[in-house]
Every structure is written in C-alpha cells, then in structure tokens.
1. When residues of region B:132-153 are filtered for being of a type in the set (A, V, I, L, M, F, W, C) and either in a loop (DSSP other than H, G, I, E, B) or open to solvent by 20 Å² or more (accessible area, probe 1.4 Å) (or both), how many remain?
2. Cβ-Cβ below 6 Å, separation at least six or inter-chain, first residue in region C:71-92 and of a type outside the set (Phe, Trp, Tyr), second open to solvent by 10 Å² or more (accessible area, probe 1.4 Å) and not in a helix (DSSP H, G or I): which pairs?
3. Could you pull out the residue among B:Asp195, B:Asp182, B:Asp231 that is open to solvent by 20 Å² or more (accessible area, probe 1.4 Å) and more than 7 Å from chain C (Cβ to nearest Cβ)?
4. In region B:193-226, which residues are under 22 Å from C:Thr164 (Cα atoms) and without any contact (Cβ under 8 Å) to a residue 60 or more places away in the chain?
5. Can you pull out every residue in region B:143-194 that is farther than 26 Å from C:Glu296 by Cβ and among the basic types (Lys, Arg)?
6. Scan A:Gln95, A:Gln62, A:Gln11, A:Gln80 and give me the residue that is assigned to a helix (DSSP H, G or I) and either in the same structural domain as A:Pro287 (by TED's automatic domain parsing) or at pLDDT 75 or above (or both).
7. Here are some conditions: (1) over 19 Å from C:Leu208 (Cα atoms); (2) free of Cβ contacts under 8 Å to residues at least 60 places away in the same chain. C:Gln32 meets all but one. Which one does it not meet?
Amino acid sequence: MFILFGMPIVQILIFGFALTNEVKDSRIAILDESKDEASEAIIHRLESSLYFDIEKNITQPQLVDAFREGTIKLAVVFPQKFSEQLEHTNAASIQLIADATDPNVATTLVNYASAIIYDSQNDLKGFKELPFKINTEMRMLYNPQMKGSYNFVPGVMAMVLMLVCAMMTSISIVKEKEMGTMEIILVSPIVPMRVIIAKMVPYFILSAVNIASILLLSVFVLDVPIHGSLLFLISECLLFTLTVLALGLFISTISGSQQVAMLISLMGLFLPTIMFSGFMFPIENMPVPLQVISNVVPAKWFYYIVKNVMIKGLGFQFVWKETLVLSGMMLFLMAVSIKKFKVRLE
Amino acid sequence: MNVIEVENLSKHFGKFKAVDDISFNVSRGEIFGFLGANGAGKTTAMRMLCGLSLPTLGEARVAGFDLYKDAEQIKRNIGYMSQRFSLYDDLSIRENIRFYGGIYGLTNKQIKAKTESMLHHLNLEEEANKMVKSLPLGWKQKLAFSVSLLHDPQIVFLDEPTGGVDPITRREFWTMIYEASDKGTTVFVTTHYMDEAEYCSRVSIMVDGKIDALGTPLELKEKFDSPNMGDVFLKLARKAKRGDN
Amino acid sequence: MKAVSANSIKKIFNVEKSTVTALQGLSFDVEQGELFGVIGPDGAGKTTLFRILTTLMLAQEGSAQVDGFDVVKDFKEIRKRIGYMPGRFSLYQDLTVEENLSFFATLFNTSISANYDLVKDIYEHIEPFKYRRAGALSGGMKQKLALCCALIHRPTVLFLDEPTTGVDAVSRQEFWELLKNLQKQGITILVSTPYMDEASLCNRVALLQEGKLLDIDSPEGIIKKFKKPLWAIRSTKMFRLLQDLKKMDNVESCFPFGQEHHVTFKEVLNISSLEKELTALGHRDLKMNQIQATIEDSFMELMK
C-alpha cells in the first residue's frame, strides 16, 4: 500500500526539487595572471552570479590537481596583461577550461560563464571608448569531442552490475526458499558458506563477462578510451561486483518471496543507482540531505572511480578513499548476510 | 428427473482422447461421486459439464440446458467449490458472501438475508467480520460449500472438497452435503479418497477416459467382490494403460 | 538407542500479534527400524514436528534426539544421517529426473552408483522418464523421485512429511509398498499423513490433534482401546436417519461413515425396540450390525 501511494509522492518530490540538471553554486577556479582592472571587473561579475562559487588565487599546478580531484568543474584563465591587450588591440581572450567528463554540465557551465563575460563588456566600456571584443576560448578537458558516452559508460556499468548481480542473486536464492528446495539443502550436510559461494560464482562470472563486453564496446564502438590502467580498472569493477553480490545476498536474507526480492532490488537499488550515482543528476546540486543519502549508494562511489580511472586516467592515489569505502561496504554486507543466512527455517 | 444427462460425450486434444465416449445420468438430489486416477479425464469431463469447455463429440444437458447452446445459463444454475480455491483469504466472511452474492446477481436484500441465515446456520455469527484466512480449514470448507449454494443452484460441483480436515469436521461437512441433497440439490463430487466415495448415492469410476464402473457403492463392492471402495478402485485403476506418466 | 526420541517438545508461533501453540509438549520414542506414522488433520502440527526433528526449526521447550544426536547441538551430525522429504514437492523443477538425483547425491558427498541398490526398486519406476524435467512429472512420479533423492545418501532415519497427499489411490498404494521394502532394509521411517486409513499400514502410530498427542500405539492397540459397543446402522434415507438418531436420548454419538452411520449408545441397546422406533419414523430397509471400530472411530472418540 505504502509503495502504491507513497511512490508517486516521493518521486515527484525527488525529481521536482532534488534532481535538477540545472547548475547552481558550481565550484569554479580563476587563474588570473594579469590581475588588472579589466580582469578584476569580470571576476567581480562572476562572483556576484548565483551559479558559481569562486576559488580565486589558484596557481597553475593547483589548477591541474583541482581538475583531477574533481573539486572544480570549470576554470577561467585570464592571460597576462589582459587590460593592456584590450586597450591596445581592442581584443583579448579569456580561456574557459571545463571538465567535460559530464558533457552536459560542462556545456552549461561554459555557456553561463561566456554569457557573464559577454555582459561585463558593458562595464568595461567606461574606460575605453572604442568598441572592443573579448573572445572566449573553450577547452574541454578529458573529452574534447563532448561525447555523451564518456558519461554514460561508467553509469551503465554500475547499472548493469547492479541488475545482474544484486537482483539475480537475491532472486535465485529466494526462489529456492519459495520452491522448498532450500529446505532439503538445509537438511543436507552442506555448510551454508558453500551454498552462498555456489550462488555467487555464476553471477560473478556473468558480471565479469558483462564488464569485459561493456569495456570492449566502449573502446571499439563508442570510441571511449581507457586512459587509466586497465588492470586497475578491472579490479575496481570486480570489487564493485562483489559489493553488489553481497547486497543481493543481503536482500535474499530479508525477503520471503521472489516478488519482494524483485521489488526491493528495483526500488531499493536500481532507482537509487540511477538517481544518486551522479550519472544522471549531478550530486553537488542536490539538497544536503540527499547528498548524505547518496553516500550509502555503492554505485556513487563506483561511478566516481570508473570516471576517474577510465576517463581521466588517474591512478590509485586519487581514488583510494572511494575504493576503501566500497571495500568497507562489501565486507560489511558480506558479514551481515552470512550472519543472517539461516541454517534453519523461520 | 435427471438434472445431468450425458450421452456419448468426448473431448479430444489432438489424437489424445481425454474423455472417450462417456454416458450417464444424474437425478435430482443425488450425491454423485465421480472418481478416477490422475489423468483419467475427471477434470476434463467436469470442466465440460460446468460449461467451461466445449466437448468434441456427444450431447449433454446440465440443469436442463444444452452444453453447446446455453453454457451461460448452465453457469447460472450450478455452484462450484474446490479445495484449492474458493474464498478470498484477505476478505472477511461477510465480504466473501457479499462478493459471491454480487457475482451471481443477487439483490442486496437477498444477500443480506442469506448472509444472516448462513452465519446463523454455520454458527459463525461472531466471526463474521474476521478474515477468512484466520479460520480453521474445516470452517473454511464449510463456509465455501455454503457460499457455493448461495444462489440456490440446481447442481453443485465439488472438486476434492474435504482433504486434510479432522474426522469430526469431515463428517459435519458430509452432513451438510446430505442436507443439501435432502433439499433437492444435486451434488457432483470428485475425489481421490475412496472412503469419501462410500458417502455417495452413486459412484462412477473413470479409467483411461471411459467410465468403467457405475452404480451404488454397495453394488460396486458386490460386483467386484471387495470389502471397500478403495479396493474396487484399485482393481479397476490398476489396469489403466495411460494414467500416470 | 532409540531412532527418535522426543521429550516434551513445545513450539509456539507468533502470527500477527497473536500466538499459536503448534505443539503442546510432545513426548514419544521411535524404535530402530520402525515404520512410524504421525496421523492428524491439517494444522495438527505434523509439519512443525518434522521440521524440529530434522533440525530445521528450534523448539521453545523440550529436547529431541535423532539417531542419538541432539537436534539443537548436533544438528550437523543429524543432517548427515537423515533423509527428509518435505510436504510439498521440493526438487528442482527445471532439472531432469537424473540431474536432480545426481545433484542430491553430490550434496551429500556420495554418488548414485554407491547407493543404487537402495533406490533401485523405486528408481526403476521413474527411469523411463529420466531425461524429463521434474516439473513435468505426474504427482505419483514426483513423489517417487523425491523419495529417491531423500534416500540417495543411505539415511538411517527417513522423515516423510505427507508423502501421499494429493496423490491418487493407485500411486498411494504403490508408495506404501515401497516404504515397506525400505523398512526391510533397516531404515527407520517416520511418515505423516492426514488419512486415517493409512494408519493400519504403520507399525505404530501417533494420533496428533491441535498439537497434542491423543494416543500412541499400534493400530490394533488403538482400536482395542475403543471399549464401547459400536453399531453400524443403515436405511434408505440416510440424512433423516442421522437426524432422527441424533435426537434419541440413548444415542451418545452418531457419525456418518459412508453408507452407514456409526452409533454408540449410552445404555445397553435393545435392538428390536430401536428398530421399531425407527420404522415408526418412516425408515425402511433398516440394517443394524455391531462392528469393530476403525482408527477413525477411535480418533473421534479421543478428540472429545
């Protein structure tokens, strides 16, 4: 009952308020190499905008790190002697560097920034009578062709693994309960651990095949390159697979019928994966409570890892925290489900 | 007067003759036992008589209506109860009665009157608003039987009605069947259990789609020189060629 | 050593706020090599009892040993030794007959060939269908396959929970013959059934009603305890006869029993006066015989 009446309300609220593609308070960095009147004026303009949360006084090397760590999505770079150039040539250019792993967000940010810069030309007219022009140069980091697939390949990977592992494992175990075969298996001398492993192995293999095919497809058909270490990427995928397998096992211990297992998998896993992994809706724009919730969604961490390793080409030192979180989740879920896996009925 | 008349009735599924040329009559108020091993064709035959499926060959009239032309009329004039399904577990007793009353087109007034007399008769007045699932199996069966008689059908079909209840409840159930038959309702029972067959006024035994024996339990026991119906049944069903596979 | 010994087993279930006492302190022993029947209607607690003895459930009170091992402490040991066939068909429907059998053999660390002699008689019935999926078998065949699977590791005690429910009379009889043969091979068998007529096929039976044991004895022993004279009475109008008999002062109990009514009387019966009385009420073709009680008569007497 709650599901039937509650679902639409919850969904409307979530989609209406929390999940927006709009960009708000995005962290951007400004590298001002000229620090003169004109640049200050533009920066001031950018600062007063609601869209951005500005990090000033950043140095070139810091900028590179900030992009890698994903702390900023956009950087505005003023060249040296910006005002002078404007005065003498009536033209100057500002470089906009965007993190294009999510091309939608990147485009939006770049458009906002360009619009503000264009507007600020009026402010600058005061000190120079002649018509002049500020050009914006765009650079799309990591994804110069602005391909959507850079964004959705990691997302799809998370979703497929979620579906195959969690849902299928839970259903296959619950099915045994429903059919009564679990009763006979329990009465046999086989240890519960072996039953669990036997249930997990096929789906683990299936997932490995799925991972391989997704990676092959993305590299050779979608032209999404793997910038990081392939071995490292695959081991992260397998870690995530184990985490979801454990989740599936956990679901099977709390549900009594295949329908319930299916419902929990869909409502409790699939939807959150879509909503809170950050692949459809940027997490930064959600209200704080939802951002907190998103932390318990394993797919969020996995999505972050895959994006960084695959698209940005980062190594372990940049994703060790997320890897640790995933491993923690995996061990916790495994432990709980093995403990909850009953050697008796009831 | 015959309420069921069956002449050379057959139902074929491709080359398989599920029901192979059966003929029998059932008269008003009779308790007719319809026995057969698994796969003998009992269920198929009963489905045809309930107007749920059309025969391949043969004639039959149920409650005075032709099986081919008036299937809908037949459904109005029969009641049906099976052990597997009859009542809705998550409705109360009262709601179940209302529901079935509605299905059979009874007016609200009729339903009300019927409900009260039925609850009184079954001694369920205090439980009337309880969910059916909370009732003991025996009560459910008695209630299901009463509900199948709600619209005063001429014939009531009982598909393996009394499995698994205690012997006293079982006898109370059979007493209800006797009572219905005494009032003129024809009762058509299928069952696996041969001791139930002994309660029937007449019994037919189907083997491989045909009726191999038909008569009162006493006649059949004498004919097959058996101490009980179970033995009669085994003697007949043992020679089945198709049956259990 | 007893094959099974239960000491005041009590089991309570919590069902939606209320509690249901499924077993109210059962105690009994089953001897080695016995064919022991647990007989009672649905809801009597048969399945719960079997689940406790097969280590699938824990009782709140009491203790039980199977083959000398405690059902709680030594459940792993018991699981190696017993065979269990649950009430509903619990095999893999999408595996073939043969695959099911070899799966269960593997589960118990054995092979089909190692114990083929034990299951041979039963397996021969289903061998023609060994490549058929278990789900496509008829009721009787499924029972036989399930029995094979429960036997494949040569258990010392076999628990069969309502193996004959929903199975037709021919298959039921065959099934009981198979059980008799297994008993000859030294296996202790506990079988539950709601059908009173199957009691006579067991060495001893426990009559179970609402979680209480009504009696434990051999079928003959139980019948012998029915001390009152029992009469079978028949006339042309059975329903009227039932009503009329129930109204009589001297009648203690009257139950329909197929073609007859089984009647006990409070005082010694004067047959001719009863016959007169009934004839006056319009009954024809009266037949009255004193008869021996059946298990069902005894069960109803004990239920009072």
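1. The first filter runs over region B:132-153 and keeps only residues of a type in the set (A, V, I, L, M, F, W, C), leaving B:132, B:135, B:137, B:139, B:143-145, B:147, B:149-150.
Retained after the next criterion (residues that are either in a loop (DSSP other than H, G, I, E, B) or open to solvent by 20 Å² or more (accessible area, probe 1.4 Å) (or both)): B:135, B:137, B:139, B:149-150.
Within region B:132-153, residues that are of a type in the set (A, V, I, L, M, F, W, C) and either in a loop (DSSP other than H, G, I, E, B) or open to solvent by 20 Å² or more (accessible area, probe 1.4 Å) (or both) number 5.
2. Short answer, once both residue conditions are applied: C:Glu77/C:Phe69; C:Ile78/C:Phe69; C:Arg79/A:Pro189; C:Lys80/A:Pro189; C:Arg81/C:Asp67; C:Arg81/C:Thr156; C:Gly87/C:Glu162.
3. Values: B:Asp195 fails: more than 7 Å from chain C (Cβ to nearest Cβ); B:Asp182 fails: more than 7 Å from chain C (Cβ to nearest Cβ).
The match here is B:Asp231.
4. Result: B:Tyr193, B:Asp195, B:Glu198.
5. B:Lys183
6. Working: A:Gln95 fails: assigned to a helix (DSSP H, G or I); A:Gln11 fails: either in the same structural domain as A:Pro287 (by TED's automatic domain parsing) or at pLDDT 75 or above (or both); A:Gln80 fails: assigned to a helix (DSSP H, G or I).
So the residue among A:Gln95, A:Gln62, A:Gln11, A:Gln80 that is assigned to a helix (DSSP H, G or I) and either in the same structural domain as A:Pro287 (by TED's automatic domain parsing) or at pLDDT 75 or above (or both) is A:Gln62.
7. (2)
Residue by residue, here is whether (1) in the same structural domain as C:Trp176 (by TED's automatic domain parsing); (2) in contact with an Asp or Glu (Cβ under 7 Å, 6 or more places away or on another chain); (3) of a type in the set (A, V, I, L, M, F, W, C) holds:
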| position | (1), (2), (3) |
| --- | --- |
| C:Lys11 | yes, no, no |
| C:Val20 | yes, no, yes |
| C:Ala44 | yes, yes, yes |
| C:Leu58 | yes, no, yes |
| C:Gly68 | yes, no, no |
| C:Glu77 | yes, no, no |
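The values are calculated or read from the model by the stated rules, or taken from the named source; none is laboratory data. None of these values were measured; they are calculated from a predicted model. Backbone-built Cβ (ideal geometry, glycine too); neighbour counts: all protein chains shown. For accessibility, only protein heavy atoms count, side chains too; no ligands or nucleic acids. Shrake-Rupley method; radii C 1.70, N 1.55, O 1.52, S 1.80 Å.
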